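The values are calculated or read from the model by the stated rules, or taken from the named source; none is laboratory data. Worth saying up front: this structure is predicted, and the values here are computed from it rather than measured. Virtual Cβ from ideal backbone geometry, glycine too; neighbours counted across all protein chains shown.
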Amino acid sequence: MLRRSALIAVLLVAPAAAQEEPDGTAGAEPPFIFDNATCPGFLTGIWLANSQQDVAPGPDQALWHVTEALVLNESGVLERAFAAGISGDEPKETKTFGTWATGAGSAADRCTLSFVFEEGQRQMGEVEVLTRTRILVDGQAFTRS
């Protein structure tokens, strides 16, 4: 129950937390160069995606908000939470569990990523590493939390 509450709390603050990081480097920090041999360690952690889209054009216009959290445990356990809904309404939330695996991708800045969910569904894709804290998973932007 505590774990579920913590993940829901992450989803509720995700719109504020999943913002783009500023351009440039902080202080004397060396430039980030990703080595795809480090994919498992690099991807381990919590990643958040947040997006919105205009729906119902005209006088009934509304914003559709979508927040997704990927919790990639170092032992290969996956927790994926998804919340979506119209701005101002209670979002509909789903959570799935499974396993994840990764390896070097098709380029130096990419990793393969595969999920096997408890229900048996499989999903494979490629992650493009943009910065220390930003990735694209099949084109969807995620920020490390």
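What are the pairs with Cβ atoms under 9 angstrom where one residue, in segment 122-133, is within 16 Å of ALA107 (Cβ to Cβ) and without any contact (Cβ under 8 Å) to a residue 60 or more places away in the chain and the other, located anywhere, is surrounded by 13 or more Cβ atoms within 10 Å (Cβ to Cβ) and of a type in the set (Gly, Ala, Ser)? Sequence gap at least six, or different chains.
Once the first residue is within 16 Å of ALA107 (Cβ to Cβ) and without any contact (Cβ under 8 Å) to a residue 60 or more places away in the chain and sits in segment 122-133, its partners that are surrounded by 13 or more Cβ atoms within 10 Å (Cβ to Cβ) and of a type in the set (Gly, Ala, Ser) give GLY125/SER114; GLU126/GLY105; GLU128/GLY105; LEU130/ALA141.
Restricting to segment 9-60, and then to whatever is of a type in the set (Val, Ile, Thr) and surrounded by 15 or more Cβ atoms within 10 Å (Cβ to Cβ), can you tell me which residue is modelled with the lowest pLDDT? Write out each step before concluding.
Looking only at segment 9-60, we keep the residues that are of a type in the set (Val, Ile, Thr), and these are 10, 13, 25, 33, 38, 44, 46, 55.
Then drop every residue that is not surrounded by 15 or more Cβ atoms within 10 Å (Cβ to Cβ), which leaves 10, 44, 46.
Working: VAL10: 43, THR44: 97, ILE46: 98.
Checking each candidate, the answer is VAL10.
Residue pairs, Cβ under 7 Å, 6 or more apart or interchain, first in segment 42-55 and among the charged types (D, E, K, R), second in a loop (DSSP other than H, G, I, E, B). List them.
ASP54/GLN61
Which of the residues that make up segment 105-114 are in contact (Cβ under 8 Å) with a residue 24 or more places away in the chain and either loosely packed, with under 14 Cβ neighbours inside 10 Å or not small (Gly, Ala, Ser) (or both)?
ALA107, ALA108, ASP109, ARG110, CYS111, THR112, LEU113
May I ask you to say which residue of LEU63, LEU78 is touching a Ser or Thr at 6+ places or on another chain (Cβ under 8 Å) and either outside any strand (DSSP E or B) or surrounded by 15 or more Cβ atoms within 10 Å (Cβ to Cβ) (or both)?
After applying the criteria, what remains is LEU78.
Conditions (1) aliphatic (A, V, I, L, M); (2) modelled with pLDDT of 95 or more; (3) under 18 Å from the mean Cα position of the chain (by Cα), marked per residue:
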site: GLY85; (1), (2), (3): no, no, yes
site: PRO91; (1), (2), (3): no, no, yes
site: ALA101; (1), (2), (3): yes, yes, yes
site: PHE115; (1), (2), (3): no, yes, yes
site: MET124; (1), (2), (3): yes, yes, yes
site: ARG134; (1), (2), (3): no, yes, yes
site: THR143; (1), (2), (3): no, yes, yes
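Every residue, every condition in (1) assigned to a loop (DSSP other than H, G, I, E, B); (2) surrounded by 14 or more Cβ atoms within 10 Å (Cβ to Cβ); (3) not hydroxyl-bearing (Ser, Thr, Tyr), yes or no:
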| residue | (1), (2), (3) |
| --- | --- |
| THR67 | no, yes, no |
| GLY88 | yes, no, yes |
| THR94 | no, no, no |
| GLY103 | no, no, yes |
| VAL116 | no, yes, yes |
| GLU126 | no, yes, yes |
| LEU136 | no, yes, yes |
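Quick one: ALA108 ticks every box in (1) over 14 Å from the mean Cα position of the chain (by Cα); (2) more than 28 Å from ILE33 (Cα to Cα) except a single one, so which number is it?
Every listed condition holds for ALA108 apart from (2).
It is to be established whether one or more residues within segment 86-99 are touching a residue at least 40 places away in the same chain (Cβ under 8 Å) and within 30 Å of PRO30 (Cβ to Cβ).
No, segment 86-99 has no match at all.
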